[in-house]
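What follows is a short report on a single structure.
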Amino acid sequence: EGLFTYDPGFVSTAACESKITYIDGDKGILLHRGYPIEQLAEHSTYLETCFLLIYGELPLQSELREFEEIIRKHTMVHEQLRNFFNGFRRDAHPMAVMCGVVGALSAFYHDSLDISNERHREIAAFRLISKMPTLAAMSYKYSKGQPFVYPRNSLDYSANFLHMLFGTPCEEAEVNPIIARAMDRIFLLHADHEQNASTSTVRLAGSSGANPFACIAAGIAALWGPAHGGANEAVLNMLQEIGDEKNIDKYIARAKDKDDPFRLMGFGHRVYKNFDPRAKVMKQTCDEVLNELGLEDDPLFKIAKRLEKIALEDEYFVEKKLYPNVDFYSGIILKAIGIPTEMFTVIFATGRTPGWIAHWHEMISGPYRIGRPRQLYTGSDIRDYVAVNQRS
Ligand code: CMC
C-alpha cells in the first residue's frame, strides 16, 4: 500500500510522450503538429489534416494528391461485410453497429494482424480513414431500411459522405457546397485531441499488440459515452427536452443544483478552462449553416442560442469556466443539416479516426510497453472459503 500514486481520472498522470497534439487548456490553445487549429480550420481540409496528424508534416502538393487518391481507392467495403448489418436490429443504435463492423474489418484484412510491418500499418490507416464514412453511412441507411449507397469517388471526402447518407442508388444527393464545407470542418475539428478517453483506450488496446481495427473499435466504444463523444447527441436530446424558451430557467436552475445530477450538455471541458478554440470555429460555421438554411428562427435553435448566452453570462457557469464546447455547436449544425441525432457520435468517430490512428502508430513505432495501470486495493482482507450450505 502507498506504493502507487492514486490519480483517478488521470488528472495529473502523463501516460505517454507524444509529438502529435498540444493543448493549453487555460489559454485555449490547440495545436496539431505545431499548427494552430484555427489556421487548419480556415485553410486546410480534413484529408490534409489527416496527413499532417499521421505523417507529422503538411504534405507537398503531389503528396496530398497521392494521399487523396489512395483514400478514394479504399472507400468501398467488402461485399461480405454487408451481411454483418443484417445481424443487427433495424433500431440498433448506429454506434453499436459501428463497434461491431469496424472491429470486423480485422477479419477481412489479415495483413493488418502483422503490426510489425510498417507498410501493413500504413495500409490499415488508409483503409480506416477511407471506410469509416462508408460504414457510418451504411449504419444510417440500415436503420432507415434503405438500400446502401456505394461511395462516389468523384466527390470530395465530405461530399461523398453526405451523398452516401442522403443519396439513393438511383440518384446522387444534391450536396450544397456550404454544407459539404461545414461537414469537412466538423471532421477536421474532431480529428485529434491528444489523450482523451477514447484515444487513451486505443493506445491501451494497442499496447497489447492488438491489430489497428480492433484498437479503433475499442476507441469507438469509449467514445460512445455521453461524457465524451455522446455529448453532441445529448445536446440535441436536451434541447428537445427543454422544448420551449420558457423552460430554460428551470433547466439552468437544475444544472446549478448540487443535488440534481442534471448537467447542461455541451458545456464544460476537462482540459479547457477557457473557450475551446474548436468551439469558436464551430460557432462561426454553425451561424453560417443556420443562415444558409434559413433556420435562425427555428424554435430549437433559438433555445440553443439563449442557453449559450446565459451560460456565457451567468455567474455559476462563468465562475466554473463552463463554456459551450465543440459538441454544443457540432450537434446544432448536424441537426440543421438534417442528420438524425443517433448519427452524431458516429460522425465524431469518423472524424476522430486519423487521431486514433496517429496515436496508435506513434506508439507502435517507438519503444512501448503494455499499459498496465495499478490500483489501490480497498477490498476484503484474506478469508477462507465457506461452503454454500454453511453461509449465513
Ligand atoms: N453543467 C453544470 N455543471 C457542470 C457541468 C455542466 N455541463 N460541467 C461541470 N459542471 C460542474 C460540476 O458539477 C462541478 O461542480 P462542483 O465543483 O461544484 O462539484 C464542476 O463544474 C467541475 O466539474 P467536473 O465534473 O469535476 O469536471 P470534469 O473535468 O470531470 O468533467 C465534463 C468535464 C466535460 C465531463 C463535464 O463538464 C460535463 O459533464 N459536461 C457535459 C457533457 C459534455 O458536454 N461533454 C463533452 C465534452 S467535450 C467533447 C469530448 O471531450 O468528447
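For segment 140-149, take each phi angle, set θ = phi - 60°, evaluate the Karplus expression 6.51 cos²θ - 1.76 cosθ + 1.60, and give the result in whole Hz per residue in order, putting x for glycine and proline.
6, 4, 4, 5, 8, x, 9, x, 5, 10
If amide H atoms are built 1.01 Å from N in the plane of the peptide, which residues on other chains or at least 5 residues away come under 5 Å of the amide H of residue 207?
371
When only C-alpha pairs under 8 Å and at least 6 residues apart count, what is the relative contact order of segment 179-287, in percent? The partial results should precede the final answer.
Working: 57 pairs, mean separation 24.1, N = 109.
The normalised contact order for segment 179-287 reaches 22 percent.
List the residues whose amide H sits under 5 Å from the amide H of residue 29, counting only those 5 or more places along or on another chain, with H placed 1.01 Å from N in the peptide plane.
24
Give the residue from 251, 205, 134 lying farthest towards the positive end of the charge dipole for the chain; charges sit on Cβ (+1 for Lys and Arg, -1 for Asp and Glu) and the dipole is referred to the Cα centre.
205
Output wanted: per-residue J couplings in Hz (rounded whole) for segment 244-250, from phi through Karplus 6.51 cos²θ - 1.76 cosθ + 1.60, θ = phi - 60°, x for Gly and Pro.
Whole-Hz 3J(HN,Hα) from phi for segment 244-250: 8, 4, 5, 8, 4, 4, 4.
Tell me the label-point distance for the pair residue 260, residue 64, using the 7 Å Cα-to-Cβ offset, in nm and rounded to one decimal.
Taking the two extended label points, one gets 4.9 nm.
Would you please give the FRET efficiency between residue 368 and residue 244, computed as 1/(1 + (r/R0)^6) with r the Cβ-Cβ distance and R0 = 35 Å, to the nearest 0.05? Spell out each step's value before the answer.
On the way: r = 53 Å, r/R0 = 1.50.
In this case the efficiency is close to 0.10.
Given that compact globular proteins tend to follow 2.2 N^0.38 Å, what is the ratio of the alpha-carbon Rg of segment 340-386 to that value? If you can, show how the numbers build up before the last one.
Working: Rg = 20.3 Å, N = 47, 2.2 N^0.38 = 9.5 Å.
Against the empirical 2.2 N^0.38 Å value, I get 2.13 for segment 340-386.
What per residue convex hull volume, in Å³, do the alpha-carbon atoms of segment 1-83 yield?
It comes to 191 Å³ per residue, whole-number rounded.
Working from the alpha-carbon coordinates of segment 262-392, get Rg over Rh, Rh being the Kirkwood radius. Provide the component values of the computation, followed by the final result.
On the way: Rg = 23.0 Å, Rh = 18.9 Å.
Checking Rg against Rh, the ratio lands at 1.22.
Mind ranking 351-361, 99-109, 46-56, 315-325 by how tightly packed they are, going by the mean number of other C-beta atoms within 10 angstrom, highest first?
Peptide ranking by packing, descending: 351-361, 46-56, 99-109, 315-325.
Based on alpha-carbon atoms only, what is the radius of gyration of segment 25-134 relative to the globular estimate 2.2 N^0.38 Å?
Details: Rg = 16.9 Å, N = 110, 2.2 N^0.38 = 13.1 Å.
In units of the 2.2 N^0.38 Å rule of thumb, it is 1.29.
Search the structure for amide H atoms under 5 Å from the amide H of residue 267, placed 1.01 Å from N in the peptide plane, and list their residues when 5 or more places away or on another chain.
Those qualifying (amide H under 5 Å, at least 5 residues apart or on another chain) are 325.
Separation between the residue 150 and residue 119 pseudo-spin-labels, each 7 Å from Cα along Cα→Cβ, expressed in nm?
Result: 2.8 nm between the two label points.
For segment 225-242, what does the Karplus curve 6.51 cos²θ - 1.76 cosθ + 1.60, with θ = phi - 60°, yield as ³J(HN,Hα) per residue in whole Hz, taken in order and with x for Gly and Pro?
So the Karplus estimates, Gly and Pro as x, are x, x, 7, 10, x, x, 5, 5, 5, 5, 4, 5, 4, 5, 4, 5, 5, 4 Hz.
Go ahead and collect, in residue order, the members of segment 343-357 whose backbone nitrogen is under 11 Å from a label point 7 Å along the Cα-Cβ direction of residue 295.
none
Sort 269-281, 212-224 for me by packing, meaning the mean count of neighbouring Cβ atoms within 10 Å per residue, highest on top. Intermediate results must be reported in sequence, preceding the final value.
Numbers: 269-281: 19.9, 212-224: 24.8.
Taking the mean over residues of other Cβ atoms within 10 Å, the ranking is 212-224, 269-281.
Assuming R0 = 25 Å, can you tell me the calculated FRET efficiency for the pair residue 55 and residue 29, based on Cβ-Cβ distance, to the nearest 0.05?
Values: r = 22 Å, r/R0 = 0.90.
So the FRET efficiency works out to roughly 0.65.
Just check segment 277-353 against the gyration tensor rule for me: Cα atoms, a ≥ b ≥ c as the square roots of the eigenvalues, rounded for a/c under 1.5, and otherwise prolate or oblate depending on whether a/b exceeds b/c. Kindly include the intermediate steps, with their values, before the conclusion.
Numbers: a/c = 2.01, a/b = 1.27, b/c = 1.58.
Because a/c hits 1.5 or more and a/b fails to exceed b/c, segment 277-353 counts as oblate.
For segment 186-260, just run the numbers: alpha carbon Rg, then divide by 2.2 N^0.38 Å, N being how many residues it has. It would help to have the intermediate numbers written out before the result.
Numbers: Rg = 17.1 Å, N = 75, 2.2 N^0.38 = 11.3 Å.
Expressed relative to 2.2 N^0.38 Å, the Cα Rg reads 1.51.
If you build the Cα gyration tensor of the chain and take the root of 5 times each eigenvalue, what three semi-axes come out, in whole angstrom, biggest first? Before the final figure, lay out the partial values.
Working: eigenvalues 198, 182, 105 Å².
That gives 31, 30, 23 Å for the three semi-axes.
Give, rounded to the nearest 20 debye, the magnitude of the charge dipole that segment 220-379 has about its Cα centre when Lys and Arg contribute +1 at Cβ and Asp and Glu contribute -1 at Cβ. If you can, show how the numbers build up before the last one.
Details: 22 positive and 23 negative charges, 191 e Å.
Once rounded to the nearest 20, the dipole reads 920 debye.
Any read-out appearing in this document is the output of simple, stated calculations on the displayed coordinates, not a laboratory observation. Here the structure is a predicted model, which means the values were calculated and not measured. Counting neighbours? That spans all protein chains shown, and the Cβs are built from the backbone with ideal geometry, glycine included.
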